[in-house]
Amino acid sequence: MKSTNPFAMWRWEDLFQNFDSFSSGFLRTLQVAILALVLALVIGIVIGILSTAHNLILRSIARVYVEIFQNIPLVIQIFFMYNGLAMAGLVLSEFTIGVVGVGLYHGAYIGEVVRAGILAVPKGQQEAAYAQGFSYTQTMRYIILPQMVKGILPPLTNQAVSLIKNTSVLAIIAGADLMYAADSYASFSLNYGPSYVVAGLLYFILCFPLATFSRKYEEKLKNNDSLVVDIPEVME
Amino acid sequence: MMNSIQTVFTRPNVLFLLDGIKTTLLISLYVVILSIVFGTLLGLVRNYEKQFFGKLAGFYIELFRNTPLLLWMLGCAFLIPGSTILVKASVALFLYTAAVVAEIVRGGLNSIPKGQFEAAHSQGFSFFQTLAYIILPQTFKKIIPSLLSQVITTIKDTSFLAGLGIMEFTRSGQVILGKVTKTSEVFLIYGFLALIYFIICFTLSVLVRSWHKNNSENV
């Protein structure tokens, strides 16, 4: 007679015999997260620069993008790409939806981080650059962005952590990611306990080092009295 | 288009969607209130890093901050015995949000100058009096924008509950989606869902910004 304890030994043994689905889910989560992060960084840098531009139209474009993506739940955005776009004839794979959906969403947040970073560089820097005959692009490229990078590293890393956690929405559309692998194994074997513990552990392994790095680095910046980008809205 | 509006927004459908909004807002309200209470406690305890309970609070916060919300919702839904799935999954949302609130509270606490504690002690305030009358009121004033932002995040996070079949706003939209066939109708429903979430969250974010502006002018 097997024990019915949700964390009974035999359940763990069964899980490790079926570990393949977990490792492929883990790999899938990792792939989606890395590609989505790259996309979010590209969007974020563009949006961040646009939102500090002098041109009102460019600033408005950036603002609208950020407001739309920040104020509509990621789940709705993912569902829309999955069902809505498919209905309109644009069928995307779950993998693509993960990368594009999570990337667009976090692009808005990274855009705000970049914007705060640019604004944190003292204004005199820009004026000095102009006085030396630098153009706007050159000022950004050689003076502002390099100074900003160090300061925005902690909030950027926090964004990466949120992004990794948010890839789990893919589970809702059967995206074959880690959360989905854990959930489908759990409901098929009824070994919920070990399944969620192992999934949690795998997410933790990805996120904890990043979160720790972010905290330590921010403390270091504060102690060195260097540029610390304070994001007042801690959202996500 | 007019046709689609009529098929989608029939009286029963609208009532059903309104019910979903009500559930979403109610869950958010409960979760936010409970998380602020529990999160404040965690944040306070967390500052005593060398003591057992400080370590425990630290472990709790790190654990919840570095694992996805959906995992906790599924975990609670299947591993906590008794009660309805709605309550169990909302408990997960509460436990998760409390960890975030704890970090916000801790950030606020650490920004209060140490002299405030010392001054309170020298005036004969006990530890709890110092907290209640001197430290916490100042802390909360500082962290109100961050807390409001967390309210926005929580409202958005309730949409994860749809993945567990809980009839909040997102799920009610999905149910209506199941009844329609035309592309324009599908887009209309998604547009409506997005619009309502947007109105709620955007209003709050405007509040966050105006509060932040007023406060930074005062300093």
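Yes or no, residue by residue, for (1) within 18 Å of B:Q150 (Cα to Cα); (2) more than 16 Å from the chain's Cα centre (by Cα); (3) outside any loop (DSSP other than H, G, I, E, B):
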{"residue": "B:L41", "(1), (2), (3)": "yes, yes, yes"}
{"residue": "B:G54", "(1), (2), (3)": "no, yes, yes"}
{"residue": "B:I61", "(1), (2), (3)": "yes, no, yes"}
{"residue": "B:G75", "(1), (2), (3)": "no, yes, yes"}
{"residue": "B:G82", "(1), (2), (3)": "no, yes, no"}
{"residue": "B:V87", "(1), (2), (3)": "no, no, yes"}
{"residue": "B:S90", "(1), (2), (3)": "yes, no, yes"}
{"residue": "B:L95", "(1), (2), (3)": "yes, no, yes"}
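Pairing residues of region A:199-213 that are surrounded by fewer than 21 Cβ atoms within 10 Å (Cβ to Cβ) with residues that are of a type in the set (G, A, S), at Cβ distances under 6 Å and at least 6 apart in sequence or on separate chains, gives A:L210/A:A160. Scanning region B:48-92 for residues being of a type in the set (S, T, N, Q) and surrounded by 15 or more Cβ atoms within 10 Å (Cβ to Cβ) gives a total of 3.
Among the residues making up region B:170-198, those that are polar (S, T, N, Q), closer than 22 Å to B:T158 by Cα and at the interface with chain A (Cβ under 9 Å from one of its Cβ atoms) are B:T170, B:Q174.
What are the residues in region A:129-162 that are part of a helix (DSSP H, G or I) and among the hydroxyl-bearing types (S, T, Y), if any?
Passing the criteria: A:Y130, A:Y136, A:T137, A:T139, A:Y142, A:T157, A:S162.
Could you list, in sequence order, all residues of region B:199-219 that are aliphatic (A, V, I, L, M), within 10 Å of another protein chain (Cβ to nearest Cβ) and surrounded by 14 or more Cβ atoms within 10 Å (Cβ to Cβ)? The answer is B:I200, B:L204, B:V208. Quick one: would you say B:I155 is facing chain A (nearest Cβ under 10 Å), surrounded by 20 or more Cβ atoms within 10 Å (Cβ to Cβ) and among the β-branched types (V, I, T)? Yes; evaluated as a whole, the condition is true for this residue.
Every number in this text was worked out from the coordinates using simple rules, so none of it is lab data. These figures come from a predicted structure and were not determined experimentally. So basically every Cβ, Gly included, is an ideal-geometry build from the backbone, and we count neighbours across all protein chains shown.
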